[in-house]
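Working notes, structure below.
Just so it is clear, none of the values below were taken in a lab; they were calculated from the coordinates. Owing to the predicted nature of the structure, the values given are computational and were not obtained by experimental measurement. Here Cβ is always computed from backbone atoms with ideal geometry, including for glycine, and neighbour counts include all displayed protein chains.
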C-alpha cells in the first residue's frame, strides 16, 4: 500500500515537472537559439523543444526523486558499516574486525613448476621420405614414423612434452597436409608446440 502511495506522489511530481519544463524551456530555447544563430527560433522548433524539455524534466523527477523504494536506478543495499550476510564470527583486534587466519590448502608450499621434456618431431621430404605416410622423425632417431605411431608415443605423455616441429630444407613444405595433420594431433592432446626455424 505504501509503495502505491509513493508511486502516485512520484507520478504527480513528474507531471508537475513536465508542466514546469514546458513553460521554462520556451524562453531558454529562444535565448540559446538567438545567441547561437543570431536570429529568432523557427516556429516548428519551439513547440518540439518545449515538449522535449518538459518530458525530460518529468522523467528526471520520476526516476530520481528520493522518495520510497520505487523504480529508482540504485546500486543495491549500500555500503554501510553494519553486519554483513556472512555466518563467520570475527574477532576484534587492534586493526579492526578480522576472522581466523585461513591456512592454504597445500600448507603454504609453492606448487612445483611443470618441467616438460623437449620432443623434436622433424618432417621428412624429398629423398629422405621413405613412403607409406612415414613423414615424422622423432628425436632425430630412425625409423621414420607414421602419424598413428606419433600419436601412440605422445598420447599418454601429453603433460610431459613440449613439441618442437622441425621443418628443414629437406622436409615437406610447411603447407603440406602432413604438417597440418601433425598440428591437429598435437592440438587435440593439448601439447604446447614450437616451430623453430631450421639453422
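Give the peptides 117-128, 28-39, 51-62 in descending order of average Cβ contacts within 10 Å, highest first.
51-62, 117-128, 28-39
In nm, to one decimal, how far is the modelled label at residue 56 from the one at residue 162, with both set 7 Å along Cα→Cβ?
6.0 nm
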